[in-house]
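Asker: Have a look at this one.
The values are calculated or read from the model by the stated rules, or taken from the named source; none is laboratory data. Please read all numbers here as calculations on a predicted model, not as lab measurements. Heads up, the Cβs are rebuilt from the backbone with ideal geometry, glycines too, and the neighbour counts pull from every protein chain shown. The area values use the complete protein model at the heavy-atom level, side chains included, leaving out ligands, DNA and RNA. Shrake-Rupley method; radii C 1.70, N 1.55, O 1.52, S 1.80 Å.
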Amino acid sequence: MHTLKKNRPLRRIVLASAATVSGMVLLLSLKPHTTPAVAGLASSPATAGSSGTSGGTTGSSGSAATGTRILTGDSVQTRWGPVQVRVTLKDGKLTDVTAVTYPQENPRDQQINAYAVPQLTREALTAQSADIDTVSGATYTSDGYRESLQSALDSASR
């Protein structure tokens with residue numbers, strides 16, 4: 001009897017399972033396609049201008065402990081795009097954090113950051129520091145947000 005004609009259901013199950021796992025690995029390893037026009041936005045003058053003000057102080061009044069100061073953190077380049085935050089300090093207390101720049105070039109970035117950025121902002125205001133947790137599913141944005149926030153807070157102490 002020929003080997004292909006033998007009745008071996010276990011062999012077919014193993015082969016089908018291996019093929020399914022291989023297919024899933026290939027599908028999950030695909031990265032979203034970006035068009036050249038969208039990819040060019042990362043180096044646009046608007047983005048370059050915002051990083052040019054990184055670490056700067058706008059509208060500051062008084063010393064580091066008194067008055068209201070608005071500070072912009074460094075623009076941090078992540079795998080999916082730059083992240084930059086602006087903080088407002090009133091009498092040395094963190095009163096507002098705004099994400100100036102964050103990845104939003106494609107629908108998936110917009111979906112992830114629509115829930116990640118407000119959560120990071122709440123955590124920063126609660127912690128009154130850059131010692132905040134990473135948002136699950138938005139690791140790169142969280143890391144960039146934390147680093148930019150820390151640079152803004154560091155520039156407040158200078």
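Asker: Which members of the stretch 122-158 meet the condition of being among the polar types (S, T, N, Q) and closer than 17 Å to Thr101 by Cα?
Answerer: Kept after step one, since they are among the polar types (S, T, N, Q), are these residues of the stretch 122-158: 126, 128-129, 134, 136, 139, 141-142, 148, 150-151, 155, 157.
Answer for the stretch 122-158, where residues must be among the polar types (S, T, N, Q) and closer than 17 Å to Thr101 by Cα: Thr139, Thr141, Ser142, Ser148, Gln150, Ser151.
Asker: For the stretch 141-152, give me the residue count where each residue is at pLDDT below 90 and surrounded by fewer than 19 Cβ atoms within 10 Å (Cβ to Cβ).
Answerer: 0
Asker: Another question, if that's okay. Picking from Ala130, Ala114, which residue would you name as being in contact with a Lys or Arg (Cβ under 6 Å, 6 or more places away or on another chain) and either part of a helix (DSSP H, G or I) or free of Cβ contacts under 8 Å to residues at least 40 places away in the same chain (or both)? Break it down stepwise before answering.
Answerer: Numbers: Ala114 fails: in contact with a Lys or Arg (Cβ under 6 Å, 6 or more places away or on another chain).
The conditions single out Ala130.
Asker: Among residues belonging to the stretch 127-136 that are open to solvent by less than 60 Å² (accessible area, probe 1.4 Å) and touching a strand residue (DSSP E or B) at 6+ places or on another chain (Cβ under 9 Å), point out the one that is modelled with the lowest pLDDT. Write out each step before concluding.
Answerer: Taking the stretch 127-136 first, the residues open to solvent by less than 60 Å² (accessible area, probe 1.4 Å) are 127, 129-130, 132, 135.
Among the residues that remain, those that are also touching a strand residue (DSSP E or B) at 6+ places or on another chain (Cβ under 9 Å) are: 127, 129.
Numbers: Ala127: 89, Ser129: 86.
The qualifying residue modelled with the lowest pLDDT is Ser129.
Asker: Could you check how many residues of the stretch 73-126 are of a type in the set (S, T, N, Q), crowded, with 20+ Cβ neighbours inside 10 Å and more than 12 Å from the chain's Cα centre (by Cα)?
Answerer: So the count comes out to 0.
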